[in-house]
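Chemist: Following this message is one structure expressed as structure tokens.
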């Protein structure tokens with residue numbers, strides 16, 4: 001169904017993280033030549049809350065509401081993110097997926113505008129709420145491959161980001177979302 005799209009998104013996340021690996025290799029090469037500089041590596045951190053729209057893999061609904069909380073920490077081009085995401089219908093019955101995970105990846109240089117790509121492990125749980133029928137079902141927790149691709153714009157402390165996020169795994173917990181996020185944190189001088 002969406003696997004070609006998800007594979008393309010995964011490739012994009014990896015390509016966004018690639019500059020971080022190249023920067024580390026360049027730093028190691030410089031250190032080996034004895035040209036070590038004492039320039040500090042910038043450390044940034046921020047939290048974001050986002051709302052968006054998306055689709056769950058086995059849901060017939062094509063427009064579900066998603067809410068995401070992220071806490072990210074970056075040292076130079078490398079970053080780690082804790083993510084808690086919930087996607088489902090707002091006021092009706094249907095499929096709901098919630099995942100919590102830790103993602104690692106990279107970010108481009110730039111303090112006021114940058115891109116980031118992370119990928120990692122998350123635990124996802126699916127449930128189905130049935131309005132007016134008095135029943136619901138919930139599945140056990142599944143390990144999934146979670147990803148985030150984001151474009152950030154900020155000014156020292158506040159910021160905004162557009163995100164493309166999701167999880168790849170069993171169809172009952174696989175999803176993808178597009179969201180707008182409000183960010184607060186330290187993005188550098």
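The values are calculated or read from the model by the stated rules, or taken from the named source; none is laboratory data. Quick caveat, the model's predicted, so the values are computed rather than measured. Because the Cβ atoms are built from the backbone with ideal geometry, glycine has one as well, and the counts that use them run over all protein chains shown.
Chemist: Pull up the stretch 65-74, narrow it to residues that are surrounded by fewer than 23 Cβ atoms within 10 Å (Cβ to Cβ) and touching a residue at least 24 places away in the same chain (Cβ under 8 Å), then point me to the one that is farthest from residue 175 (Cα to Cα).
Modeler: Once the filter is applied, the top-ranked residue is 73.
Chemist: So, restricting to strands (runs of 3 or more DSSP E) that lie completely within the stretch 84-189, which ones have at least 3 residues that are farther than 16 Å from residue 48 by Cβ and over 16 Å from the mean Cα position of the chain (by Cα)?
Modeler: Hits in the stretch 84-189: 94-107, 113-129, 136-138.
Chemist: Scan the stretch 100-109 for residues that are surrounded by fewer than 21 Cβ atoms within 10 Å (Cβ to Cβ), within 24 Å of residue 188 (Cβ to Cβ) and touching a strand residue (DSSP E or B) at 6+ places or on another chain (Cβ under 9 Å) and report the count.
Modeler: Matching residues across the stretch 100-109 total 3.
Chemist: Let me ask something additional. If residue 164 passes every condition in (1) farther than 13 Å from residue 46 by Cβ; (2) crowded, with 16+ Cβ neighbours inside 10 Å; (3) modelled with pLDDT under 95 but one, which one does it miss?
Modeler: (3)
Chemist: Quick check on the stretch 75-82. Is at least one of its residues in contact (Cβ under 8 Å) with a residue 60 or more places away in the chain, touching a strand residue (DSSP E or B) at 6+ places or on another chain (Cβ under 8 Å) and within 20 Å of residue 180 (Cα to Cα)?
Modeler: Checking the stretch 75-82: at least one residue is in contact (Cβ under 8 Å) with a residue 60 or more places away in the chain, touching a strand residue (DSSP E or B) at 6+ places or on another chain (Cβ under 8 Å) and within 20 Å of residue 180 (Cα to Cα).
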